[in-house]
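Input: a single structure, listed below in structure tokens.
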Amino acid sequence: MKKTLALAFAAALAVQAAPAETWVSVCTVKDLQYNQTIGGKGTLLIGQGDGTYQSIKLTQTFFDQVAVCGTPDTGQPAPVIPATQICANRSRDSIYLLTRNAKGPPGAQETPYCEATITIVEDTPAH
């Protein structure tokens, strides 16, 4: 019994110590960057044209090893780009928007936003 509990505890520690991935997606032409920590929070940085950025906090809504999506957290200003979700797709090297039209057909409309360079960074946990 003690051995089983010790193994379960060790497995739980190993899961907690696993490095988190952060996808850093940067538009190649437009001034926009989407950072998303897998299983955590994200940030959308939108250039305002004057050297300043609008920063929008996001919560991850989708992930399948190829694409990741996040939706703006409630209680903050809406992004200047209208979207229900912001997504990065590494097989297409792109950032795209998902929007829902209340008067249109069900489901989300996918709109390409920009070609992007997508880098996956492993965040090493502190010991």
- Query: List the pairs whose first member sits in the stretch 30-58 and is closer than 16 Å to ASN89 by Cα and free of Cβ contacts under 8 Å to residues at least 60 places away in the same chain, whose second member is assigned to a loop (DSSP other than H, G, I, E, B) and not β-branched (Val, Ile, Thr), and whose Cβ atoms are under 8 Å apart, counting only residues at least 6 apart or on separate chains?
  - Reply: LEU44/PRO79
- Of the conditions (1) surrounded by 14 or more Cβ atoms within 10 Å (Cβ to Cβ); (2) of a type in the set (S, T, N, Q); (3) modelled with pLDDT under 95, the single one that THR37 does not satisfy is (3)
- Complete set of residues in the stretch 52-97 that are loosely packed, with under 14 Cβ neighbours inside 10 Å, at pLDDT 85 or above and on the phi > 0 side of the Ramachandran plot: GLN65
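The values are calculated or read from the model by the stated rules, or taken from the named source; none is laboratory data. A quick note: this is a predicted structure, and the numbers were derived from the prediction, not measured. Neighbour counts are summed over all protein chains in view; Cβ atoms, including those assigned to glycine, are modelled from backbone coordinates with ideal geometry.
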